[in-house]
Structures are given as structure tokens and as C-alpha cells.
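Written below as C-alpha cells is the structure these notes are about.
Computed from the coordinates by the stated procedures, all read-outs in this text should not be read as laboratory data. Bear in mind that the values here come from a model prediction, so they are computed numbers and not experimental data. FYI the Cβ positions are ideal-geometry reconstructions off the backbone, even for glycines, and counts take in every protein chain you see.
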Amino acid sequence: MSDDQIEKLTELFKKFPGVGPRQARRFVYYLIHKDNSYLNDLTESMKNLRGSVLQCSDCKRFYAPRHENDKKGTCMYCIDENREATLLIVEKDADLENIEKTDTYKGHYFVLGGLVPVLEKEPEKRVRIKHLKSLLGRKKMDEVIVALAAHMDGDHTAEYLKKELSSLSSKVTLLGRGLSTGTELEYSDSDTLKNALKNRG
């Protein structure tokens, strides 16, 4: 592998969330030492990734269909009639998965797709607010829970959502402060998330 290829691959890895230059370079050197069978499996899996997952038309999370019926565009959480009439809004798929693992929340989800920075002039371009309003217009929810990271952009986005959803008949609540300031939901442990859900208001 030439120096140019090492630099190119390092730059690609740096675009991953939370990956800095040093970690990106470690990934490259890790791959250099792997055999061709591993590299072929990795590249084949990456090539097939987009074709093997769907995005739910309601909650916007990505999911892998397991049965033919799953290919209709709605995920198992959204079609489950036994789930409670609540909607929990998260920033990204990893947050949804982490909350679902707690086995505490039994309602529906919506993946917002980002956060609104404090000085953002066009917040509707940062998050899926139009789709969220459309979903809540079609599906009656008793409560909408805003479950975002406990930092400045997360708090600002939560206030933006509360304002945008203020005309709804649904109660809008925020996660309790079982979460420390600066905490990402993706990395929070189950007990912390359970307390945040329990103490929402």
C-alpha cells in the first residue's frame, strides 16, 4: 500500500463519527495486517450494506428486513399494535437501539436525524420536523417524549421541538436529568436511561 493510499483511507476513516486522525490511522494499519479473506469480506459487506437495509417510512430508523412482509417499508416497532401510544424522539438509530435494550420503554420511536445548533437560522433543514408533524397528524399519541443528548445543542433542539409541537393535543415531555450534562444517549448505561425515562417531565 502506497503512502497516498494510506492517506486517502485515513481521510475516509476520519469522516466516521467520533474518529480523529490518530484513530483513523490505527484503523488503516490494522487493515494492512489483515489477510485478503478478511479484506474481501469487509469490502463485500460494505458494498451490500445499502441494499440490505431499509428505512422505515414512519420512524425513519434503518432496519434489516427478516421476512417478506418486512419489505413493505414499516419496521417491526411501528407495526406492533401492542406498543403503547407514546412517541420517543431520538437523534439517531444508535440512541433508539440503546433505549430499546433497557426494556423499559414500550412505545413507538422517531429518529430525528440530527440536532439543531443554537445559531441555526433554518432548523427545518437540520432535522425531520416536517415528517414528525405529519406522523403525529396521522397517529394519535398520548405523550411525545423528547430524548436527546444532555448538552447545548441537545437542549436547544428539545426547546425547538417543544415549540414546534405545542399545538398538538399530545403531552410533550423531556427526559429527566438522570443524564449528566454532556452525555450522549448512545453511550449511556441502562440504569441511567431507565432513571431518565422514569423522571421525565
For the stretch 3-52, the dipole about the Cα centre with charges only on Cβ (Lys and Arg +1, Asp and Glu -1), to the nearest 20 debye, works out at 280 debye
Test item: Cα-centred dipole of the chain, Lys/Arg +1 and Asp/Glu -1 on Cβ, debye: 520 debye
Between Arg66 and Asn36, what length in nm is gained on full extension when 0.36 nm per residue of separation is reduced by their alpha carbon distance? 7.8 nm
Could you tell me how far the Cα centroid of the stretch 83-158 sits from the Cα centroid of the stretch 1-41, in Å? 33 Å
D for the chain, whole µm²/s, Stokes-Einstein with Kirkwood Rh over alpha-carbon pairs at 4 °C and 1.567 mPa s: what number? 68 µm²/s
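Within the set Lys15/Lys162; Lys14/Lys194; Lys92/Lys133; Lys14/Lys162; Lys34/Lys194; Lys106/Lys130, which residue pairs have Cα atoms separated by over 29 Å? Numbers along the way, then the final one.
Values: Lys15/Lys162 32 Å; Lys14/Lys194 33 Å; Lys92/Lys133 18 Å; Lys14/Lys162 34 Å; Lys34/Lys194 40 Å; Lys106/Lys130 24 Å.
Pairs exceeding 29 Å: Lys15/Lys162; Lys14/Lys194; Lys14/Lys162; Lys34/Lys194.
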Fraction of beta bridges assigned by DSSP in the chain that are antiparallel (%, nearest 5): 20 percent
By how many nm would the segment from Lys139 to Ser57 lengthen if fully extended, with 0.36 nm per residue of separation less the alpha-carbon distance? 28.2 nm
Could you point to the residue in Val28, Leu9, Leu96 farthest towards the positive end of the chain's charge dipole, with +1 and -1 charges on the Cβ of Lys/Arg and Asp/Glu respectively? Leu96
How much of the pair distance distribution for the stretch 1-60 lies past 18 Å, counting alpha-carbon pairs only, in percent? 51 percent
Taking r as the C-beta separation of Lys125 and Glu159 and R0 as 22 Å, the FRET efficiency to the nearest 0.05 is 0.80
Rg(Cα)/(2.2 N^0.38 Å) for the stretch 41-140, N = residue count: 1.19
